[in-house]
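Structure first, then comments.
Derivation of every value follows stated rules applied to the coordinates shown; laboratory data play no part. Values in this document were obtained by computation on a predicted structure and should not be read as measured data. Cβ atoms come from the backbone with ideal geometry, glycine included; neighbour counts cover every protein chain shown.
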Amino acid sequence: MDSKLLQFLESPDSYSHAPESVEHVQTHISHVFIADPFVYKFKKPVNFEFLDFSTLEKRKHYCHREVELNRRLCDDIYLGVVEIREQGNTFMIESNEEGSIVDYAVKMKKLREEYFLHSLIDRNELNRTHLNRITDKLSDFYNSQNPGEEIRQWGEIEKIKYNTDENFRQTKSFIGETIDENSYRSIQKYTREYYDKFSALFESRIKNNCIVDGHGDLHLEHIHITPEKVRIYDCIEFNDRFRYGDTAADLAFLAMDLDFNRCSGEERYFMNRMAELLNDSDLLVHLDFYKCYRAYVKGKVKSLQSTEEEVGRENMEKARNRAREYFDLSLHYATLGSRATVLVIMGRIASGKSTIASAISNKLNIEHYSSDRIRKRIMGVPLEERADASKREQLYSKEMSLKTYERLLEEAKKHLESRESVILDATYSRREERQKFIEQMGSLGADYCFIEARATDEAIKKRLKLREQEEGIISDARQEDFEELSKYYQSPDEIAESHIIRIETESSLDETLFKLYDKLITRNLNSVMKEIGERF
């Protein structure tokens, strides 16, 4: 935006209603000026592959389109499109006088901050009454539609694939910046294999009228709920293909946002009620695919924002960090879906299990509990202090092992009750320990997966030797313990194949993690296949 016009719009004196102040907010595609009680939204003269506001006429068109589309779910906020005219050395907003039009803006009423959905979450006030009102409004919106072929075609895989391929293409330059190559390749693999495996599901969604002209950007900041009214605003106006699609795709944005804000219980209630109100039994089955997609889109948007120097270095860095968080969430959906899963990272001493556990805990944002840490805390031994022989005998006694594995199980149950995944990092060397865990998971109806880290004797001995020179090692196991501890390790051959992944750890950590993500994705897709059963 022209600096002179920008300065004009930032001044309270420029507005006929004389606001006390003007707040200027930028996104990667908009300039927003908050001049209470109104908001003026300008479209930046940008041209991305998915959006073109490069000319005055195009900005005028999309301003009118924004007002028209948003009045569907927010009928009293969008006041219209206003002209900005240049007159001599100054500008005029909403003036009928002569002068050349330099831009257009969408004029809106300002909404009170305390009633936005994200504000309710921040105050821990979001409840089922709020969710019921939102689901009622959205279900009426979707159920009232009778889309024609122009919209229905956007349920076809090739149409959806156009969007996902575009996302991967537009984020490739951010590898190493906001997304690592492992995540990029893994999410891409999950997306492609989902298309291959579930083509019949996509076809059935079209036949069952699940393709709609939706909102396209249904996240927390766009939902405003007062005691009197629910308003859902700021839908996608600049590209119809981002609004056209499965109801699962539209709802996945809000579902993903609730997950991102640690509201998984609210997310599950919201989506269960939407499935009921839409009479859509496959909505939940299809949801994780679109959650993965929506989280990736947010990662892309935040990545683009991280390159905008005009917003300042601090905001660029915030956008970069937020992009990483959304890409990590997308990877979480690709590898584990939304279900709460207990990942048991097991294996012999120095097999790499703790390294893997720590890495995926950070990447997938899952709490990680280590048997080594728990043992020492129970005993009151400093974590990084290697216990002497007498203490080690006590630390690794049968009684202490029993207490340690009981504590691990307790932590797993706590997370399952909150619908959260969790990582348990322990050798689980004895069949009886594993069997007890499996029985407990069975009684809870919980999903679990053992991940056995494997390495040759030579590799393990080499790692144990290196430990002698390293600082900060929590595990007490060293070279002299190898033979004794290996003797007691019982291979987990009794575990069903659907509940175990074996991973070799002698390559680099990046290579090991990519192989692990690959196997987790296969397991995740197989679980979806099992849930769908023989219907498709």
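Listed values, structure above:
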read-out	value
Calculated diffusion of region 403-443, Stokes-Einstein form, Kirkwood radius summed over Cα pairs, 37 °C and 0.692 mPa s, µm²/s	308
Residue (of PHE202, VAL230, ILE160) at the positive-pole extreme of region 150-258, dipole from beta-carbon charges	PHE202
Estimated dipole of region 3-110 in Debye, rounded to 20 [Cβ of Lys and Arg +1, of Asp and Glu -1, Cα centre]	340
Under 5 Å, built H, 5+ apart or other chain: amide partners of LYS44	SER30, HIS31
Dipole magnitude of the chain, debye to nearest 20 (Cβ charges: Lys/Arg +1, Asp/Glu -1, about Cα centre)	1200
Per-residue Cβ neighbour rank within 10 angstrom, fewest leading, ASP36, ASP196	ASP196, ASP36
Spherically averaged projected area of region 3-110 from its Cα convex hull (nm²)	7.0
Dipole magnitude of region 115-336 about its Cα centre (Cβ charges: Lys, Arg +1; Asp, Glu -1), debye to nearest 20	340
Segments 44-50, 334-340 sorted - mean Cβ within 10 Å per residue, highest first	334-340, 44-50
Charge dipole (region 1-111, unit charges on Cβ, about Cα centre) - positive-most of SER11, TYR78, ASN47	ASN47
For MET529, MET1, order by how many other beta-carbon atoms lie within 10 Å, fewest first	MET529, MET1
Residue order, fewest to most beta carbons within 10 Å, for ARG320, ARG523, ARG128	ARG128, ARG320, ARG523
Beta bridges per DSSP with both ends in the chain, % antiparallel, nearest 5	65
Normalised per residue, the volume of the convex hull around the Cα set of the chain (Å³)	173
Dipole of the chain [Lys/Arg +1, Asp/Glu -1 at C-beta], most positive-end residue of LEU220, PHE289, GLY245	PHE289
Rounded, prolate or oblate (a/c below 1.5 giving rounded, otherwise prolate when a/b exceeds b/c) for region 214-354 by Cα gyration tensor	oblate
Cα extents of region 115-336 along the three principal axes, largest first (Å)	43, 43, 33
Cα-only radius of gyration and Dmax that characterise region 191-257, units Å	14.2, 46
Packing-based ranking, highest mean first, of 355-361, 327-333, 153-159 given that Cβ atoms within 10 Å are counted	327-333, 355-361, 153-159
Cα-derived Rg over Rh, computed across region 77-156 with Rh taken as Kirkwood radius	1.20
Protection-proxy order for peptides 363-375, 433-445, each taking the mean of Cβ atoms within 10 Å per residue, highest first	363-375, 433-445
Too-long pairs where the Cα-Cα distance tops 19 Å, listed order kept, from LYS161/LYS197; LYS300/LYS515; LYS44/LYS302; LYS41/LYS110; LYS465/LYS519	LYS300/LYS515; LYS465/LYS519
Sites ASN239 and SER508 - FRET efficiency at Förster radius 35 Å, r taken between beta-carbons, to 0.05	0.30
Diffusion coefficient, µm² s⁻¹, Stokes-Einstein with Kirkwood Rh over alpha-carbon pairs of region 332-374 at 37 °C and 0.692 mPa s	290
